[in-house]
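Chemist: After the structure tokens below, expect a handful of questions from me.
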Amino acid sequence: MAEKGHFLSKSTFIRGVQCLKSLYLNKHRPFLRDRLSPEQLAKFRRGHEVGKLAWQLFPGGINCAPGHPSQYAAALEKTRKLIADETSVLYEAAFSHHGVLVLLDILVKNEQGWHAFEVKSSASISETYITDAALQYHVISGTGLNLNSFHIIHLNPDFVRDGIPDVHKLFSIQEVTDRLRELESFIVAQIGKSRETLSLKHSPSIPTGQHCFKPYPCDFIGHCWKKTAKDSVYNLTGIPFETRARLATAGHLTIPEIPAGLLEENDAAILSSHLSGKDIADKTGIRKIIDGSAAPVFVAFLIVRPAIPVIDGFRPFGPMVVGLSWSDFQGNEESFIVEPGENPVIQIRNKLGQLASESGMIVNAGGKWVGEALSQHYPDLTEKYIFTDLEEIFLSGYFYRPGLVPDAGISNIAAFLNLTGPDQINISQVMAGVKYMEAKAENRAQTLRELSDALYAEMTSCRSVYYFLKSIINNET
Ligand code: SF4
């Protein structure tokens, strides 16, 4: 079962499926890689934690994981011996076949034979997970081990925490063996292409496109996209990325080359805004969202989405409001963050209830999970009071300025519109959530202070953008 050296692993194989140029650059020009973002590093840590927790589904196993890349040969040998001894549970079992190395999360032996389990820190199974599992199935079977079944373990989206999670309820296990067998010829062909690509003298000529972001943002984006021309179709930021990619694939590579007749009404309006350099300001549309007699309270929310719910009543990845920063029309303001580990629901409810009843209208900075978090845990408040997501105005195309990215978040939009100072603190919602969840006793006060400052800055961005839009509908600009 042990082989010397390997040219491909699970992660580099998936890299090659996404883009063979990325596979090549990763091997031959690794210095061109973008730095891993703190968000990506946090995602890896989360994957590791979830993987370890899933071991409890099959307790008492032996860990074969190499401590270091130089120890792969030892890990392969350890796995080989344990399988020969018919050890009932192995974690991180190592296999190598024709130069492809994989580490399987959990391998189980019972009366029916050998069963493989791959753990994913996700609430569903994606096509990429199936491809990844198909590679493992191919390699493990190639070593001569007859796998009776292959399963993917993922977080159960219907699990609701009620006390310490029972791993048998927290995780779902799905058998995918038949789907993996169907992919055998694709896997063999893709390994061949990967081998060929890695032996080239130069990187393959592959243009940038949608594949640079799907299924994962490629870490050579900085390198490959730096030469994107100013008038590239990809700089038509107001229209969906998929549409831009479709236009580029059809040969319309620059903004002036795009036939307006090809686009739907909203996208055609964005195109003419770029060509003329003029803003789109649809007053009727903006009024639909921010007109009203109530005096607004501006609120920015701090949201976390732990993979494994930490508070009773929450599901895996369930968005949880753990802090807010607000200001009212009289200049009163406050930033409030729940102590990590405490149940935030009642504290946030009290705060929100008080603000909403005073004003009747909460203008918030929006963000991907705010609506879901509010409607899941405060449905009575969202029914009774007006919660206005300012980002809707940009996402609906009611306001657009060439170059604006409608889903960039309110702080970035405010900065783009020159409504904030250069010292404004910007921190992504994902990163804020990570910092909150990972706050340690020794840095807790400092972390909460930073988060509070960032929340406050987001709230002031929300307020500035609101008054900017108000001035448009009041004909002041
Ligand atoms: S940025 Fe795009 S083209 Fe460049 S290596 Fe990555 S996926 Fe391939």
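Chemist: Of the residues Gly353, Gly331, only one is without any contact (Cβ under 8 Å) to a residue 12 or more places away in the chain and surrounded by fewer than 21 Cβ atoms within 10 Å (Cβ to Cβ); which?
Modeler: After applying the criteria, what remains is Gly331.
Chemist: Further question: Mind checking which helices (runs of 4 or more DSSP H) fall wholly inside the stretch 198-291 and carry at least 1 residues that are more than 30 Å from the chain's Cα centre (by Cα) and within 16 Å of the ligand (Cβ to nearest atom)?
Modeler: none
Chemist: Could you tell me whether any residue of the stretch 362-375 is in the same structural domain as Ser327 (by TED's automatic domain parsing), over 27 Å from the mean Cα position of the chain (by Cα) and at negative phi?
Modeler: Yes: the stretch 362-375 contains one or more residues that are in the same structural domain as Ser327 (by TED's automatic domain parsing), over 27 Å from the mean Cα position of the chain (by Cα) and at negative phi.
Chemist: Go through the stretch 94-131 and give me each residue that's closer than 21 Å to Phe171 by Cα and either in contact with a Leu (Cβ under 6 Å, 6 or more places away or on another chain) or charged (D, E, K, R) (or both).
Modeler: Listed by number, the residues that qualify are Asp105, Leu107, Lys109, Trp114, Ala116, Glu118, Lys120, Ala123, Glu127.
Chemist: Another question, then. Considering Gly16, Gly47, which residue is surrounded by 17 or more Cβ atoms within 10 Å (Cβ to Cβ), assigned to a helix (DSSP H, G or I) and either touching a residue at least 60 places away in the same chain (Cβ under 8 Å) or not basic (Lys, Arg) (or both)?
Modeler: It is Gly16.
Chemist: Looking only at the stretch 19-42, count how many residues are without any contact (Cβ under 8 Å) to a residue 40 or more places away in the chain and hydrophobic (A, V, I, L, M, F, W, C).
Modeler: 2
Chemist: Further, regarding this structure: Just checking, which of Ile173, Ile164 is of a type in the set (A, V, I, L, M, F, W, C), surrounded by fewer than 17 Cβ atoms within 10 Å (Cβ to Cβ) and assigned to a strand (DSSP E or B)?
Modeler: Ile173
Chemist: Now for a different question. Taking the condition of being in contact with a Gly (Cβ under 9 Å, 6 or more places away or on another chain) and more than 12 Å from the ligand (Cβ to nearest atom), how many residues in the stretch 6-34 meet it?
Modeler: So the answer is 3.
Chemist: Would you confirm, using the coordinates I've provided, whether Arg35 is assigned by TED's automatic domain parsing to the domain that holds Leu170, assigned to a loop (DSSP other than H, G, I, E, B), out of contact with any strand residue (DSSP E or B) (no Cβ under 7 Å at 6 or more places or on another chain) and not aromatic (Phe, Trp, Tyr)?
Modeler: So Arg35 fits the description; yes.
Chemist: Looking only at residues that are within 30 Å of Gly403 (Cα to Cα) and basic (Lys, Arg) in the stretch 179-236, which one is surrounded by the most Cβ atoms within 10 Å (Cβ to Cβ)?
Modeler: This residue is Lys214.
Chemist: Answer yes or no as to whether Ala42 is more than 16 Å from the ligand (Cβ to nearest atom), part of a helix (DSSP H, G or I) and within 23 Å of Lys435 (Cβ to Cβ).
Modeler: In short, yes.
The values are calculated or read from the model by the stated rules, or taken from the named source; none is laboratory data. Given the structure is predicted, the values throughout are model-derived calculations rather than measurements. Note: ideal-geometry Cβ built from the backbone for every residue, glycine included; neighbour counts use all protein chains shown.
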